[in-house]
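What follows is a set of notes on a single structure, which appears directly below.
Each reported figure results from applying straightforward, stated rules to the coordinates on display, with no laboratory input. None of the values given here were measured: they were computed from a predicted structure. As a convention, Cβ positions derive from the backbone with ideal geometry for all residues, glycine included, and neighbour counts pool all protein chains shown.
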Amino acid sequence: MLYRESGQFKTSYEADQAILPIPQDRWFLMAVLLIAYLVIPAVSSEYMLQAVLIPFLVFAMAAIGLNLLLGYAGQLSLGTGGFMAVGAYMTYKMTTAWPDMDIIVVFLLSGLCAAGVGIIFGIPSLRIKGFYLAVATLAAQFFLSWMFNKVEWFYNYNPSGTITAPPRTVFGHVVTGPEATAETRYMVALILVTVFALIAKNLVRGRVGRSWMAIRDMDIAAEIIGFKPYQTKLLAFAISSFYCGIAGAMTLFLWLGSVETEAFAINISFQVLFMVIIGGLGSILGSFLGAAFITLVPVLLTNAPQLAGLQMATDLQKHLEVMIFGGLIIFFLIVEPHGFARLWQITKEKLRRWPFPY
Amino acid sequence: MNIKKLAVAGLGAVAALSGLVPTEALAQNEQFIPMLVYRTGPYAPSGIPVANGFRDYYTLVNNRDGGINGVKIAFEECETQYNTKLGVECYEKLKNSGPTGASLVNPYSTGITYQLIPKASVDKVPILSMGYGQTAAADGRVFEWVFNFPTTYWSQASAFVRYVAQQEGGLDKLKGKKIAHVHHNSAYGKEANPTLEALSKKYGFKLTLLAVDHPGQEQKATWLQVRRLRPDWIFMSGWGVMNQVAIKEAAAIQFKMDHFVGNWWSGSDADVVPAASAAAGYKSATFHGAGDQYQIHKEIIKYVYNGNYAKAKENNLGEVLYNRGLVNAMFGVEAIRTAMSKYGNKPMTGEQVRWGLENLNVTDARLAELGMKGFTRPVQVSCADHETGGPIIIQQWNGKEWNMVSDWIPTMRDVVRPMIERTAAEYAKENNIQPRSCT
């Protein structure tokens, strides 16, 4: 009843090609953005921002990156953690070498570094596919985390190998380091994620995204109709790694404040992969839903016994959390193997027919 | 289709619930202490005794004395799995609990400590990283909010070298000796490296650094290197499951166990028991007594376990790491008590407890009053020195229990303190911190 397209006519190509052709969708997105930009920073506690929402944004960024590579270009990668590490360590190196450079510029530059590394580790994708490629990218994960641990130059020769985000300002506001408030860091992360999600959405609707999907669906056919697999695949690796690099820089500068390579270990690669799979392959929205599920549900489960007023031993609570979370993943994968994005789509279709389904 | 509806409804419920923020009502006259514990995951063998030690000491203070000067201790556990991200989440969750917020935090993980150090001065929550964390934090002029007494990784490494010298017959005998450092490949494990390197230059022993990756269940390659290298002494910085594996592997290559010395995080009961008799002779550093024969243990059995010795043993009473939990909890409680002597007997804020930590003076007489006579060494903290560089003692596992096999070994302050000051100055420069004056 509320969500119907009848009577809406598109009279121009712009209207027809809009990201969200239906006004209701646009309003909904506007409302979500308004809440994210205005309401959440005003009402959320520091714990909520620092431990829940900022990690969600960081992982959403990484999940978009991996989704471009895996969901759109069909290249399976387990190197996400490694590429995030490149972003974090390069940002650290650059901002300590040139303290006056704007931190956002440093973020983008380190994203480019990550893109370069992504291209190098993407080269095997020209010859090998599927699970074999996954193993090759696994090498990137292990090599990069070994390198950042071993080569002291990357952490400015400090004895512990830990890198710490120094305080930096944007337009006079302290956005990194301990003095930065959780609200500021949340806003910076939110702006970055909004901008890059918009870019990603447009990327996949355009020529680049179509070439990726052609390669994904059948690479020989794509080659015959004129897409060069060499450029297309490497571009996918580059852009995906760029996103992951930015996510890594956000991890260090906006979320944790200080990291060692263990923060970008193999389990991060898997976590981001699960986000993409559970959220929905080949969907930008899915990246957000998947990131929300993997980061928010454990926090909710951790706090659930207290919310319900139950006294429970810490270890029992943790074990329960892991079991319930695992169960939920399996449940949702059985219910909808195409992920939350597909579930969202089904909901919208149902809504169209509501309240008279047929 | 019903199941899909259910899924959608479930998602909706999750989304709605995640908006709720945990709130808790605590009594007003309570001193809140957050507990970052790890009772699950690969580090649980080390984490459980520590957590139980803390819990029992706080319970003891509440049951025996009715709290600290009448102010009851409220504590809440939060599971970190020794994972830095979960640790930060726990810290954020607990730092504002209780009437005055978290009074001090014991992260019990070097990784988590590194995360919290920059936050401490902003949130006004002092960090007590007792014998772990960032060694440079010993310079109180730069690290106002961080305390790592009674001694640090660097001091410990220097005392280890002194111990080796004692065994070999003098510091001049170290020349040409081969020492290997088997360490956890993390901020924690690497801490001792700069000191060992400096001392290796000074005394001419050959140092080899062997890193073991997290979590340390697989160490065949490392011990193959050890076999090829044939070091005279091995120093180990391990934690959790890594220790058990390393000791088993050392036994498997028939390394002389009494030349294998762990740091104080690599010498608890859980580390040696799995290797059974093969671990006999293994040594480790420590800074407090082992076993359950001290006065404090009798009081815990009486006031916490109502005389039930078996139940207390089940909760790790007397194990090395349990005892360390006791010592650490004692220092925290005494710091709060010191703060109360200045600010009055009411719940202390983080800032007041910071003053208490900086002016902490636990004397031998005070230790005796606390039932810890001979259990650990007296400590006096100062503004500039948050470490105190206390001595260590070497304990040895005989297959059944730990025994002290050395005197208290002094650390090499002349080597360590300049290194601490240099590193702290670099940190201050990188993070735009103006060191305060301590005169």
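Using a Förster distance of 35 Å, how high is the FRET efficiency between B:Gln167 and B:Arg413, based on the Cβ-Cβ distance and rounded to 0.05?
About 0.95, to the nearest 0.05.
So, R0 is 60 Å and r is the distance between the beta-carbons of B:Ala425 and B:Asn403; what FRET efficiency does that work out to, to 0.05?
E between B:Ala425 and B:Asn403, to the nearest 0.05, is 0.90.
To the nearest 10 degrees, how steep is helix B:413-430 against the longest Cα principal axis of chain B, on a 0 to 90 scale?
50
Summing Lys, Arg as +1 and Asp, Glu as -1, what charge do residues with Cβ under 14 Å from the Cβ of B:Val88 carry, B:Val88 excluded? Let's see the in-between values first.
Working: positive: A:Arg185, B:Lys85, B:Lys93, B:Lys95, B:Lys119; negative: A:Glu46, A:Glu260, A:Glu262, B:Glu79, B:Glu89, B:Glu92, B:Asp123.
With Lys, Arg at +1 and Asp, Glu at -1, the neighbours total -2.
For helix B:2-17, report the angle its Cα long axis makes with the longest principal axis of the Cα atoms of chain B; keep it between 0 and 90° and round to the nearest 10°.
90
Count the DSSP beta bridges whose two residues both fall in chain B, then state the antiparallel fraction as a percent rounded to the nearest 5.
30
Mind scanning B:Lys175/B:Lys220; B:Lys178/B:Lys256; A:Lys201/A:Lys348; B:Lys311/B:Lys400; B:Lys248/B:Lys283 and naming the pairs with a C-alpha gap bigger than 24 Å?
On the way: B:Lys175/B:Lys220 29 Å; B:Lys178/B:Lys256 14 Å; A:Lys201/A:Lys348 19 Å; B:Lys311/B:Lys400 20 Å; B:Lys248/B:Lys283 14 Å.
Result: B:Lys175/B:Lys220 exceed 24 Å.
Hey, fewest Cβ within 10 Å first, where do A:Leu49, A:Leu252 land in order?
Ascending Cβ contact count within 10 Å gives the list A:Leu49, A:Leu252.
Which are the unpartnered cysteines of the protein assembly as shown, meaning those with no other cysteine Cβ under 4.7 Å from their Cβ?
When partners are defined as cysteine Cβ atoms under 4.7 Å apart, the protein assembly as shown leaves A:Cys113, A:Cys244 without one.
Pulled fully out, how much extra length does the chain show between A:Leu20 and A:Leu38, if you take 0.36 nm times their separation in residues and subtract their Cα-Cα distance?
On the way: separation 18, 0.36 × 18 = 6.48 nm, distance 2.22 nm.
4.3 nm is the gain from fully extending A:Leu20 to A:Leu38.
Evaluate the Debye formula for region B:243-383 with equal point scatterers sitting on the alpha carbons, no solvent, and hand back log10 of I(q)/I(0) at q = 0.18, 0.20 Å⁻¹, in q order, two decimals.
With one equal scatterer per Cα and no solvent, log10 I(q)/I(0) is -1.04, -1.13.
Report, in degrees rounded to the nearest 10, the 0 to 90 angle that the Cα long axis of helix B:110-123 makes with the longest principal axis of chain B.
Roughly 40 degrees, rounded to the nearest 10.
So how far apart, in nm, are the two label points at B:Lys373 and A:Lys150 if each is 7 Å from Cα heading toward Cβ?
Spacing of the two 7 Å Cα→Cβ label points: 5.6 nm.
Per the Kirkwood treatment, what hydrodynamic radius in Å, one decimal, follows for region A:40-265 from the mean inverse distance over all distinct Cα pairs? Provide the component values of the computation, followed by the final result.
Values: mean 1/r = 0.0561 Å⁻¹.
Value: 17.8 Å, from the Cα pair sum.
A:Glu349 to B:Asn432: FRET efficiency via 1/(1 + (r/R0)^6), r the Cβ-Cβ distance, R0 51 Å, to the nearest 0.05?
Working: r = 55 Å, r/R0 = 1.08.
Rounded to the nearest 0.05, the efficiency is 0.40.
When only alpha-carbon atoms count, how far does the protein assembly as shown stretch along each of its three principal axes, as whole angstroms with the largest first?
90, 60, 51
How big is the Cα convex hull of region B:45-169 in projection, averaged over all directions, in nm²?
If you wrap the Cα atoms of region B:45-169 in a convex hull and average its projections, you get 10.0 nm².
Could you give the distance between the Cα centres of region B:28-53 and region A:175-201, to the whole Å?
Cα centroid to Cα centroid, the span is 33 Å.
Please compute the net charge surrounding B:Val226, taking Lys and Arg as +1 and Asp and Glu as -1 over other residues with Cβ under 11 Å from its Cβ.
In short, +4.
Going by C-beta contacts inside 10 Å, put B:Thr222, B:Thr59 in order with the fewest on the left.
B:Thr59, B:Thr222
What ranking do B:Asp139, A:Asp217, B:Asp123 get, fewest neighbouring Cβ atoms within 10 angstrom at the top?
Placing the least packed residue first, the sequence is A:Asp217, B:Asp123, B:Asp139.
Charges at C-beta only: +1 for Lys and Arg, -1 for Asp and Glu. How large is the resulting dipole of region A:40-265 about its Cα centre, in Debye rounded to 20?
Dipole size: approximately 820 debye.
In nm, what is the difference between 0.36 nm times the number of residues separating A:Tyr230 and A:Leu310 and their Cα-Cα distance?
On the way: separation 80, 0.36 × 80 = 28.80 nm, distance 5.73 nm.
Taking 0.36 nm per residue and subtracting the Cα distance, the gain is 23.1 nm.
What helices does chain A have that are whole DSSP H segments, at least 24 Å long along their own axis by Cα, and with mean Kyte-Doolittle hydropathy of -1.0 or more?
Helices meeting the criterion: A:80-97, A:103-122, A:130-150, A:182-205, A:229-250, A:284-307, A:314-335.
Taking the Cα centre of each part, how many Å lie between region A:259-292 and region B:356-415?
Taking the Cα centre of each part, region A:259-292 and region B:356-415 sit 46 Å apart.
Separation between the B:Gln225 and A:Glu183 pseudo-spin-labels, each 7 Å from Cα along Cα→Cβ, expressed in nm?
5.0
With all distinct Cα pairs included, what does the Kirkwood hydrodynamic radius of chain B come out to in Å, to one decimal, could you say?
For chain B, inverting the mean 1/r across all distinct Cα pairs yields 22.5 Å.
Grab the other residues whose beta carbon is less than 15 angstrom from that of B:Leu104, score K and R as +1, D and E as -1, and report the net. Spell out each step's value before the answer.
Working: positive: B:Lys95, B:Lys119, B:Lys124, B:Arg337, B:Arg354; negative: B:Glu30, B:Glu76, B:Asp123, B:Glu144, B:Glu334, B:Glu351, B:Glu358.
Neighbourhood net charge equals -2.
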